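One structure is given here, and the rest of the page talks about it.
Read the figures in this text as sums done on the coordinates, not as results from a lab. The structure presented is a predicted model; accordingly, all values stated were derived computationally and were not measured. Neighbour counts are summed over all protein chains in view; Cβ atoms, including those assigned to glycine, are modelled from backbone coordinates with ideal geometry.
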Amino acid sequence: MDIQLVFTPLARFEEELSCLYEGLAEQFADDPGARFLFYRLATEEKAHAALIEYQRRVVSQDPGLFGEVSVDLEVIRRAAEKVEEARSCSSRPSLQEAVAMAFDFEHSAAEFHYRTAMKEANEEFARLLDSLGVSDRQHYTALSEFAEKRGIQHLRT
């Protein structure tokens with residue numbers, strides 16, 4: 001598939017995730033540690049969406065330089081829909097539920113497909129993509145450290 005078809009659903013996923021984390025930062029405003037964690041995640045997801053937009057613009061300048069990619073767009077769309085559902089849920093999650101939800105989203109298939117798609121498309125973008133991978137690992141580490149400090153159990157290790 002043409003790499004240009006991947007950018008819109010990926011950006012939507014990152015934007016939805018940023019909005020979810022912003023909402024969680026607001027929800028836990030009385031807890032400085034939780035507020036900071038979710039605010040930081042929101043800011044970084046917003047930066048990921050901006051990076052995807054930048055990549056879209058670069059690719060659109062000369063699409064012939066980029067190869068075809070093998071990505072299941074439906075998986076990315078479903079991940080974005082899950083985030084949107086979480087955002088629109090009328091009940092507010094507990095801190096433990098919010099952290100568990102963040103772990104799940106940070107390990108979603110959309111993130112995996114994004115890294116895979118870009119590596120297939122162009123080797124130079126693989127280096128840029130690796131920096132996103134580092135950010136993803138930092139998100140996971142931040143969530144793990146927060147969960148450990150608070151005695152929050154999570155399923156992922």
Relative frequency of Cα-Cα separations exceeding 11 Å in region 1-46, percent: 62
Which ³J(HN,Hα) values, rounded to whole Hz and listed in residue order, are derived for region 90-107 from phi using the Karplus coefficients 6.51, -1.76 and 1.60 in 6.51 cos²θ - 1.76 cosθ + 1.60 with θ = phi - 60°, glycine and proline given as x? 6, 8, 8, x, 5, 4, 4, 5, 5, 5, 4, 4, 4, 4, 4, 5, 5, 9
Got a sec to turn the phi values of region 9-15 into Karplus ³J(HN,Hα) couplings, 6.51 cos²θ - 1.76 cosθ + 1.60 with θ = phi - 60°, whole Hz, x for Gly and Pro? x, 5, 4, 4, 4, 5, 5
Within region 49-83, which GluC sites (Glu not before Pro) sit in a loop by DSSP and count at most 13 neighbouring Cβ atoms inside 10 Å? Glu68
How high is the FRET efficiency between Glu85 and Glu26 when r is their beta carbon distance and R₀ equals 25 Å, given to the nearest 0.05? 0.85
